[in-house]
1. Take the stretch 96-116 and flag every residue that is in contact with a Gly (Cβ under 8 Å, 6 or more places away or on another chain) and more than 10 Å from the ligand (Cβ to nearest atom).
2. Between Glu119, Glu131, which is in contact (Cβ under 8 Å) with a residue 12 or more places away in the chain, within 17 Å of Ala41 (Cα to Cα) and either out of contact with any helix residue (DSSP H, G or I) (no Cβ under 8 Å at 6 or more places or on another chain) or more than 10 Å from the ligand (Cβ to nearest atom) (or both)?
3. For the subset of the stretch 67-91 comprising residues that are part of a loop (DSSP other than H, G, I, E, B) and crowded, with 20+ Cβ neighbours inside 10 Å, which member is nearest to the chain's Cα centre (by Cα)?
4. Within the bounds of the stretch 113-121, is there any residue that is surrounded by fewer than 13 Cβ atoms within 10 Å (Cβ to Cβ) and more than 20 Å from Asn10 (Cβ to Cβ)?
5. Considering the stretch 92-112 alone, what residues qualify as being assigned to a helix (DSSP H, G or I) and buried (at least 18 other Cβ atoms within 10 Å of the Cβ)?
6. Could you grab me the full set of residues in the stretch 64-95 that are more than 16 Å from the ligand (Cβ to nearest atom) and in contact with an Asp or Glu (Cβ under 7 Å, 6 or more places away or on another chain)?
7. Gly69: modelled with pLDDT under 95 and not aromatic (Phe, Trp, Tyr), yes or no?
Amino acid sequence: MKILVINGVNLNMLGKREPEMYGKLSLLDLENSIKSLDFKADIEFFQSNSEEDIIHKIHSQKELKYDFGVFNFGAHTHTNIAIRDAILSVNFRFYEVHISNVFAREEFRHVSFFSDIAEGSIVGFGFDGYEYAIRKILKGE
Ligand code: DQA
């Protein structure tokens, strides 16, 4: 099972940005905690603040044949049609994850351009959301 975890814009700032919202741990801490769980899967982590790089990564599904994605596009979640179209262009199956409970925040965060094309969405469970998404993928349902 080949899984691609994408963290989008500003998620490289985890641990530094709004710690009361996103916690004190860094993106590297998140990646290491997933790695330490020793899932029987090939899990690749990718972070970028660039829409273009994220789109190229998603298009690489054609050659690299990821079975599933776990995607947190940060603020692009609420605005980005181009990333949505990239996912549709390669039929990428994925779970959407948000660290914070976006529904308990500003109204503009209640809209996601990805929820309706995701297998499911996990919001407000902090870093654990990534783990839950991977467990669900590996259950194979
Ligand atoms: C986020 C929620 C988004 O609204 C915000 O722009 C982020 C992080 C989350 O993981 O809670 O950058 O995707």
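The values are calculated or read from the model by the stated rules, or taken from the named source; none is laboratory data. Keep in mind the model is a prediction, meaning the values are calculated, not measured. When we count neighbours, we look across all protein chains shown, and the Cβ atoms used for this are built from the backbone with ideal geometry, even at glycine.
1. Phe103, Ala104, listed by residue number.
2. One residue alone meets the criteria, Glu131.
3. Taking the candidates together, the pick is Phe73.
4. Checked the stretch 113-121: at least one residue is surrounded by fewer than 13 Cβ atoms within 10 Å (Cβ to Cβ) and more than 20 Å from Asn10 (Cβ to Cβ).
5. Matches in the stretch 92-112: Val102 only.
6. Of everything in the stretch 64-95, those that are more than 16 Å from the ligand (Cβ to nearest atom) and in contact with an Asp or Glu (Cβ under 7 Å, 6 or more places away or on another chain) turn out to be Ala82, Arg93.
7. no
Residues checked against (1) in contact with a strand residue (DSSP E or B) (Cβ under 8 Å, 6 or more places away or on another chain); (2) away from the ligand (no atom under 14 Å from the Cβ); (3) not in a strand (DSSP E or B):
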| residue | (1), (2), (3) |
| --- | --- |
| Asn12 | yes, no, yes |
| Gly15 | no, no, yes |
| Lys24 | no, yes, yes |
| Ile43 | yes, yes, no |
| Phe46 | yes, yes, no |
| Glu52 | no, yes, yes |
| Ile58 | yes, yes, yes |
| Lys62 | no, yes, yes |
